[in-house]
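The next block holds one structure in the form of structure tokens; read it before the comments.
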Amino acid sequence: MIYFSTRDNKHKADGLTAVLNGIAPDGGLYMPERFPKLLPEELSGLDAMGIAKKILGAYFDELTAEEVSELVEASYAGRFENEDLTPLVPLKGAYVLELFRGPTQAFKDVALSVLPHLMAAAKKKLGVKKEMLILTATSGDTGKAALSGFCDVEGTRIAVFYPEGGVSAIQRLQMTTQQGNNVCVCAVRGNFDDAQSGVKAIFASEQVRQAFEANGFLPSSANSINIGRLVPQIMYYYKAYCDLVKRGEVLMGEPIDFAVPTGNFGDILAGYFAKKMGLPVGKLICASNANDVLTEFFTTGRYDRRRAFYKTASPSMDILISSNLERLLYLVCGDKTKAYMEQLSRDGYYELSEEAFALLKREFFATRCGDDGAFAAIRRVFEAEHYLCDTHTAVAFDALWQYQKAEKSGAPAVVLSTASPFKFPRDVLFALTGSAPDDEFAAIKKLEEISGLLAPAALTGLKGVLQRHTDVVNLKEMEPYLIRKAEQKTW
Ligand SMILES: *Cc1c(COP(=O)(O)O)cnc(C)c1O
């Protein structure tokens with residue numbers, strides 16, 4: 001399969017090269033030349049890993065079926081709570097697709113379990129000898145999931161930058177206690193957008209390229225700008241659909257809606273890819289928190305990042321520059337994408353043409369939900385169903401209810417649940433009881449008592465563990481910090 005840059009289709013690469021590059025040389029994102037067709041009928045009898053193999057095989061056809069099969073098994077076997085990977089839980093008003101049953105309790109595990117193995121396979125196939133240096137900006141969950149995926153993987157090193165004070169205490173502890181000889185974690189004085197822009201600038205910096213080159217490193221990204229992050233996420237949309245058909249809840253071919261808590265637009269875009277491939281997806285409901293730049297975009301056709309940045313109870317969605325939207329833009333306005341991206345970086349906004357906007361409105365419903373609304377949703381779902389959801393998933397629940405009311409839709413709906421409620425214990429507890437202790441671990445305990453659930457051992461086990469990674473840098477220091485790391489090869 002050939003992949004093109006969203007900014008100039010002169011820049012093309014095969015799938016494996018696209019994964020190793022992470023981002024196209026002109027700063028654009030790689031897009032497949034076409035969407036492989038895959039109907040859910042063709043997946044009957046397959047489990048989650050079987051579905052993942054079909055999808056990865058279609059997008060990375062440079063690999064043999066055996067290579068794909070091996071890489072999927074190596075990625076998932078034994079890393080998730082069970083073989084089902086992403087269980088679908090029926091509630092009265094909707095189904096919840098639990099994407100947080102992996103090693104770091106966030107949906108990013110689904111893709112970041114695969115990416116290191118995909119990169120290893122790509123290196124082998126292309127005969128690349130250099131060590132990969134994975135650069136990652138995180139709003140909280142990508143960092144830990146990437147660290148866990150790449151930890152001690154031969155031929156790779158990883159550096160993670162997170163916004164100081166912009167992630168939950170548990171998320172921070174998950175990262176700062178990370179074991180492994182090839183990992184580096186550093187806080188940045190700024191918000192997620194700053195950290196992400198810093199990483200993008202590093203990719204574009206000639207000086208960094210030279211320092212990496214001279215020391216035998218090949219830089220790449222574990223953020224969802226990497227097509228190798230996006231493609232593995234398509235799996236769970238198909239799996240949810242197949243589960244519903246299997247249980248007799250929907251008829252084969254009947255469309256279902258998905259509500260997706262959204263930040264960088266990677267998760268929901270994977271759903272749109274699934275639709276393009278032939279999965280009967282009805283509406284994709286794009287749920288934002290108070291950082292509602294996407295709600296504005298899908299309701300007015302105008303993307304405007306010149307706005308206040310809010311810290312919310314759903315920190316992994318605190319994003320104003322939603323990277324993957326560039327891929328959607330490319331699908332609806334083709335070679336105008338480059339000009340829009342330039343305008344966004346120069347003027348802070350761009351505005352779609354009428355036709356492109358009309359097209360998007362048919363496919364997406366977007367809305368926002370603030371912290372109070374999210375807390376109310378956590379309470380409502382717990383009281384009505386005795387189901388405990390996290391602050392990000394709560395935003396999606398609220399968005400689904402808003403959609404069902406506005407469009408009088410009765411189609412079956414799936415809410416994507418992106419994190420374990422025990423990752424954000426103080427906010428979830430506050431939502432349920434109106435108060436929470438300062439200590440996160442005390443809050444976890446209290447939540448366990450109220451819900452009757454056991455918190456994942458990976459989270460309770462963080463208490464008192466030595467924090468190995470304590471570096472903090474200013475934005476301007478990110479580049480020299482990395483150059484120093486590369487030169488000294490200390491990790
Ligand atoms: C990353 C993340 C999101 C947002 O996903 P995007 O692909 O960035 O839109 C939502 N919820 C949680 C818990 C996350 O970690």
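Let's test the formula: R0 of 51 Å, r as the Cβ-Cβ distance of ASN181 and GLU354. What FRET efficiency results, to the nearest 0.05? So the FRET efficiency works out to roughly 0.40.
Our coupling estimate for the range 96-113, obtained by passing each phi through the Karplus curve with A = 6.51, B = -1.76, C = 1.60 and θ = phi - 60°, is 10, 9, 7, 9, 10, 8, x, x, 10, 6, 9, 4, 5, 4, 4, 8, 7, 6 Hz, Gly and Pro reported as x.
Ranked from largest, the principal axis spans of the Cα set of the range 1-62 equal 42, 19, 16 Å.
Using C-alpha pairs under 8 Å with a sequence gap of at least 6, the mean separation divided by the residue count of the chain gives a relative contact order of 19 percent. Once you have a ≥ b ≥ c as the square roots of the Cα gyration tensor eigenvalues for the range 432-491, tell me rounded if a/c is under 1.5, and otherwise prolate or oblate according to whether a/b is larger than b/c. Verdict is prolate for the range 432-491. Between THR17 and LEU466, the modelled label-to-label distance comes to 4.5 nm, taking each label 7 Å out from Cα in the direction of the beta carbon. Over the range 343-459, the hull volume per residue, using the convex hull of the C-alpha atoms, is 164 Å³. Applying 0.36 nm per residue to the separation of ARG362 and ARG247 and subtracting their alpha-carbon distance, the gain on full extension is 38.5 nm.
Exposed loop sites are taken as GluC sites (Glu not before Pro) in a DSSP loop (any state but H, G, I, E or B) with at most 10 other beta carbon atoms within 10 Å; the longest stretch of the chain without one runs 155-491. Just the protein heavy atoms count here, and of the accessible area of the range 240-280 at 1.4 Å, carbon and sulfur take up 53 percent.
Between the amide H of THR177 and those of ARG468, distances stay under 5 Å, these residues lying 5 or more places away or on another chain, with hydrogens modeled in the peptide plane. Full extension of the chain segment joining LYS124 with GLU42 gains 26.5 nm, where the gain is 0.36 nm per residue of separation less the Cα-Cα distance. How would you classify the range 140-195 from its alpha-carbon gyration tensor, with a ≥ b ≥ c the square roots of the eigenvalues: rounded for a/c under 1.5, else prolate if a/b is greater than b/c, otherwise oblate? It comes out prolate by the Cα gyration axes. A cut-off of 5 Å between modelled amide H atoms, ignoring neighbours fewer than 5 places along the same chain, links VAL188 with TYR162, GLU164, VAL473.
The reciprocal of the average 1/r between distinct C-alpha atoms defines the Kirkwood hydrodynamic radius, which for the range 247-404 equals 16.4 Å. Site pair ASP438 and GLU73 shows an inter-label distance of 5.2 nm when each label is modelled 7 Å from Cα along Cα→Cβ. Backbone geometry of the range 386-392 corresponds, through the Karplus equation with coefficients 6.51, -1.76 and 1.60 at θ = phi - 60°, to 3J(HN,Hα) couplings of 6, 10, 9, 10, 8, 5, 6 Hz, x marking Gly and Pro.
Please work out the C-alpha center-to-center distance from the range 84-125 to the range 262-313 and express it in whole Å. Rounded to whole Å, the Cα centres lie 20 Å apart. Between ARG7 and GLY28, LEU29, the built amide H atoms are under 5 Å apart, and every one of these is 5 or more places off in sequence or on another chain. Computed over the range 1-119, the quotient of the alpha carbon radius of gyration and 2.2 N^0.38 Å is 1.19.
Taking a ≥ b ≥ c as the square roots of the eigenvalues of the Cα gyration tensor of the range 272-348, is the shape rounded (a/c under 1.5), prolate (a/b larger than b/c) or oblate? In terms of gyration-tensor shape, oblate.
Rg and Dmax, both from the Cα atoms of the chain and both in Å, are 21.0, 61. The Cα-based radius of gyration of the range 390-491, divided by its Kirkwood radius, gives an Rg/Rh of 1.16.
In the range 187-305, the inverse of the mean reciprocal separation of distinct Cα atoms equals 17.2 Å; this is its Kirkwood hydrodynamic radius. Applying the Karplus relation 6.51 cos²θ - 1.76 cosθ + 1.60 with θ = phi - 60° to the range 423-429 yields 3J(HN,Hα) values of 7, 10, x, 5, 5, 5, 5 Hz, where x marks Gly and Pro. Looking at the chain alone, DSSP beta bridges between its own residues are antiparallel in about 25 percent of cases.
The values are calculated or read from the model by the stated rules, or taken from the named source; none is laboratory data. Being a predicted model, the structure only gives us computed values, none of them experimental. So basically every Cβ, Gly included, is an ideal-geometry build from the backbone, and we count neighbours across all protein chains shown. All accessible areas refer to the heavy atoms of the entire protein, side chains included, with ligands and DNA or RNA removed. Shrake-Rupley method; radii C 1.70, N 1.55, O 1.52, S 1.80 Å.
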